[in-house]
Each structure stands twice: as structure tokens, then as C-alpha cells.
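Asks: Once you've had a glance at the structure underneath, I'll fire off some questions.
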Amino acid sequence: MKSIGKYTVAVMLFCAVSGARAQETAMWGFTPSRNLVSDEKNLPADWNTETGKNIKWKAALGSQSYAGPVLLGGKVYMGTNNHAERNPDIKGDRGVVKAFRESDGKFLWQSAHPKLPAGRVNDWPMQGVCSTPFIQDDRLFYVSNQGRVVCADTEGFLDSENDGPYRGEDVTGANGVDIVWEYDMMGELDVFPHNLATCSPVGAEGLLFVITSNGVDEGHVAIPSPLAPSFIALSLKTGELVWEKAYPGTNILHGQWSNPAYGKISGQPQVILPGGDGWVYAVAPKTGELIWKFDCNPKDAVWELGGRGTRNAIIATPVIYDNKVFIGVGQDPEHGEGVGHLWAIDATGKGDVTDTHAVWHLGGRDFNRTMSTVAIHEGLLYAADLSGFIYCLDLKTGKPHWTYDAYAAIWGSPFVADGKVYIGDEDGDVMIFKASPKLEKINEVNMGSAVYTTPIAKDGVLYIGTRNTLYAIAE
């Protein structure tokens, strides 16, 4: 796997035979290993959304945006809601994925999924689509607010061709989604997503790996579908279910809102799946059979209703690097701040490796609950937590080089490129640091609205999605 030029698109060689076609992909975390690092150069460190300084273009999103941006094939995609209506025939609250033209931000097409009738227990109002798509060539894969895994044509109906068996939900005209196939996790597998289905899937070996968001009921007491799978694999081509696993079982604490990662550990392919019980599971890609598992909470950690206890679930995405898995634990941000943990796990073991394969651990007073994914570059690991602290750690030991307090909650993740570390916060500030073991803050720019997402970059252009606007930023 390698990056194309200066960009975050991975080239995956799925076949070893002569003449096999390389497939262009893009996803949350840039590559299946999910490390938030790019080899992009000449990225801006100063801009102004009010004066337009270094703003190449901007595009209106909805009123809540948590998914993306992700870019491939001249298009930028964002998950949002329907507050900024693009189609006069589509009214009210919807889960939306919007596609914009990379060059100038022109709106191209959108999906618009109706809300589930059960309401906030399965489909929280105004949250839109919170799944960042996995893209392979001309196919876009994401999880809708309805708990459906969707495969869509990246052209929508702009090419005047219908690539799927039906038109998208309630969409008319050329700006609608062209659904190729979809898989209803609630209808087919009795999955009960708590609050929202959110997984940003990853594809590899002809399969799409998904965390189902199966969780507790509205009272946060019972698990309505304890036998429903937490993890599934679907055929990328057809959407057919290949395997399903319910490893967390009846031990799900709340919901399951994390994302899978894929990589090779000492040459062995593994899919890394964070469970709603606070454990990480490594499985064989083709079968889902367990390779190893690790409890990301101390033995004395206890879960209490409303997140008042010391045991945490996992919302961050695992990162695979140098035969290790790096992952932090946390809770629904509505549960507030609390003690968290960040782990480096030796991924070469078998079975329960909790007591034997922790390389290092940061926790207690040194690290708080997190939803953020780490970025690893040149022997340094960059992390953030919900309390607003940004960390630069030694990759081998976990010892801090520096810590910075943003004084605002952080939902997104650090992005490393061009010798810089970019990260946004709930106050709408994007902080830029030098990628170095010495703390050096280059700049801080306010975007005018909360930044819950993680930046990406291509060809010297930085893309940042705020709560309501997508910006393309360039010198």
C-alpha cells in the first residue's frame, strides 16, 4: 500500500497476478491502517473565513456535520443533515451525504435518507449521516442514519445512468443518489443501533468491514438484541453478508460508534474491531474468527449508568502501526469528562492478551476520555482528548514530550502533514503546531463554527468541515 503523489488516497493491490488493476481508494484515516498522516506539502498555516484570505472556496452544509471530508476522483464528500436544503422536493430532517466538485466547491449530488420512526433511541434528530464513506474507484460505501450499509455510484445521476436497481429515497432530478446496493442491518440482522448508526467502514480483500452500532435501549438498561452482531463483513461487489460476529454479546455498555481498521501484523492480515464492551478484537478478514482480544480498561474499572463510573467504551478508531495497535477509550460526550486510557498493544499475540501484550499505557490523571484517533509520524504520536488536551508522545515509550490545553472540547483528531499538526475544537478554533518533540504553536484560526471533523489535504489545498460549512483553503 502506498500513497498516490502527495495525497491521502491509498493504492491497494488486491491481486498479485501480472496485469492486476490498481484500485484507488479514500476513507476516514486515509488508509485501512487509519494513521492520520499525509505526505502533502505547501499547506497553508494562515487563513481567514471572514475576509476570505486564502479561502479557495466554501460550500454550505447542514446545521450538524460530523462525517468527512473525504476526497477522491475530483469530488469532496461530507456527511451532514438536511438543514441547508439542496432539493426543494426533500423537506425536513434527513441524513445526508453531499458531493462537491473539488476544483470550485460546486454542489453535485446528495443522498437524503428519512429518519427512523422510533426517534432518538435509534436515530437522533438533526445528527445527519455520521459515517465517513469508504470509496473505491467509482463506488462509495457508508452507513446511513437508518442503519443501512449503502453502496452508491460516485457520479450520482449526473452520468444519466442508473447503476442500481432503484432510485434513491425520495430523490428526483440529476442531483440524487444512485444506490447500487444497500444492506439493512436492522431488518436483516435485528441490530438495534443506540442513538445512531455511525460506522465509517473500511474495505479490503474484496470485503467491507462494518461495526453495526448495536446497543442498549432508551432506558440504558437492557440490550434489546444481545445476539445481534456487533461486527459484520459484506461483499464489496454485491452487499452479500459474508460473516457476522457478536463478540461483545451482553456486555455492551452503551452504543458502538467506533470504526474498524485493517492491516498486516507480521505478514498476517487482521481486522481490528473496537467493541462496545471496551475490548479490542482482532479477527481474520475472511472469516471473522478471533485472533486476539485486549481489554482497554483496568481490571478494577466499573461501568455506571450515565457514564459516572470508571469503565469506558471505545469511540476512537484504532491505528495499526509497526505490528502494534494504538487506541484510546472514552464515552458519549454527553457523559462529560472523566478518566481515560491510551494504549499501545502488541498485536502479535493469540487469545486474551490483556495481561501480556500492553507495550505502554497512558491513563489516570495523565489522559482523559477521548473520541480522537492518534496520528503517528517520525517516532512521535499525536493524540487529543475530550477535555481539550493535545499530546505529543514518544512512540516507543508513551512518555509525553509536550501537552497543550485548547480550553475547549475536542471531538476530531490530529492530522499531520507538511511538518505541521492540524486539529480543531468545539469553539471553532483550528490549532496548528510544528510536528516536533518541542512544543511550537504556529497559529490558531477561528472558523466561525465548531469543528467536529478532521482535516484532509490534496495538492496544497486543506479541506476543513465545520458544523455548517466546508472550506477549501490554499495559499
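The values are calculated or read from the model by the stated rules, or taken from the named source; none is laboratory data. This is a predicted model, so every value here is computed, not measured. When we count neighbours, we look across all protein chains shown, and the Cβ atoms used for this are built from the backbone with ideal geometry, even at glycine. Keep in mind that these areas ignore ligands, DNA and RNA; they rest on the heavy atoms of the full protein, side chains included. Shrake-Rupley method; radii C 1.70, N 1.55, O 1.52, S 1.80 Å.
Asks: Which residues, counting only those in segment 176-221, are over 30 Å from residue 100 (Cα atoms), among the hydrophobic types (A, V, I, L, M, F, W, C) and modelled with pLDDT under 95?
Replies: Once the filter is applied, which keeps residues that are over 30 Å from residue 100 (Cα atoms), among the hydrophobic types (A, V, I, L, M, F, W, C) and modelled with pLDDT under 95, segment 176-221 yields only 221.
Asks: Which strands (runs of 3 or more DSSP E) does segment 27-120 wholly contain that include 1 or more residues that are of a type in the set (Phe, Trp, Tyr), over 22 Å from residue 415 (Cα atoms) and in contact with a Gly (Cβ under 7 Å, 6 or more places away or on another chain)?
Replies: The strands (runs of 3 or more DSSP E) meeting that bar are 107-114.
Asks: Applying the selection to segment 339-362, what residues are surrounded by fewer than 18 Cβ atoms within 10 Å (Cβ to Cβ), part of a loop (DSSP other than H, G, I, E, B) and not hydroxyl-bearing (Ser, Thr, Tyr)?
Replies: Matches in segment 339-362: 349, 350, 355.
Asks: Could you list all residues from segment 456-475 that are at positive phi and either modelled with pLDDT under 95 or assigned to a strand (DSSP E or B) (or both)?
Replies: Within segment 456-475, none qualify.
Asks: Those residues that are open to solvent by 20 Å² or more (accessible area, probe 1.4 Å) and under 19 Å from residue 384 (Cα atoms), I need them from segment 418-435; list them, please.
Replies: 419, 420, 426, 427, 429, 434, 435
Asks: Something else about it: When segment 379-417 is examined, which residues are found to be of a type in the set (D, E, K, R) and either in contact with a strand residue (DSSP E or B) (Cβ under 6 Å, 6 or more places away or on another chain) or assigned to a strand (DSSP E or B) (or both)?
Replies: Scanning segment 379-417 gives 385, 394, 405.
Asks: Does any residue in segment 435-453 that is within 28 Å of residue 132 (Cβ to Cβ) and in a loop (DSSP other than H, G, I, E, B) come within less than 6 Å, Cβ to Cβ, of a residue that is polar (S, T, N, Q) and open to solvent by 20 Å² or more (accessible area, probe 1.4 Å) six or more places away or on a different chain, and which pairs are these?
Replies: As it stands, the answer is 447/49; 448/49; 449/468, since those pairs meet every condition given.
Asks: List pairs: first in segment 47-75 and closer than 23 Å to residue 156 by Cα, second part of a loop (DSSP other than H, G, I, E, B) and aromatic (Phe, Trp, Tyr), Cβ under 6 Å, 6+ apart or cross-chain?
Replies: Sorted first by the residue in segment 47-75, then by its partner, the pairs are 66/452.
Asks: Follow-up. Only one residue in 252, 265, 315 is among the hydrophobic types (A, V, I, L, M, F, W, C) and in contact (Cβ under 8 Å) with a residue 60 or more places away in the chain, so which one is that?
Replies: Exactly one of 252, 265, 315 is among the hydrophobic types (A, V, I, L, M, F, W, C) and in contact (Cβ under 8 Å) with a residue 60 or more places away in the chain, namely 265.
Asks: Here's something else I'd like to know. Of these, 373, 453, 403, which one is closer than 26 Å to residue 309 by Cα, of a type in the set (S, T, N, Q), at pLDDT 95 or above and open to solvent by less than 10 Å² (accessible area, probe 1.4 Å)?
Replies: Only one candidate qualifies: 373.
Conditions tested, residue by residue: (1) among the small types (Gly, Ala, Ser); (2) within 18 Å of residue 214 (Cα to Cα); (3) surrounded by fewer than 20 Cβ atoms within 10 Å (Cβ to Cβ).
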residue	(1), (2), (3)
259	no, yes, no
277	no, yes, no
288	yes, yes, no
294	no, no, no
314	no, yes, no
322	no, no, yes
331	no, yes, no
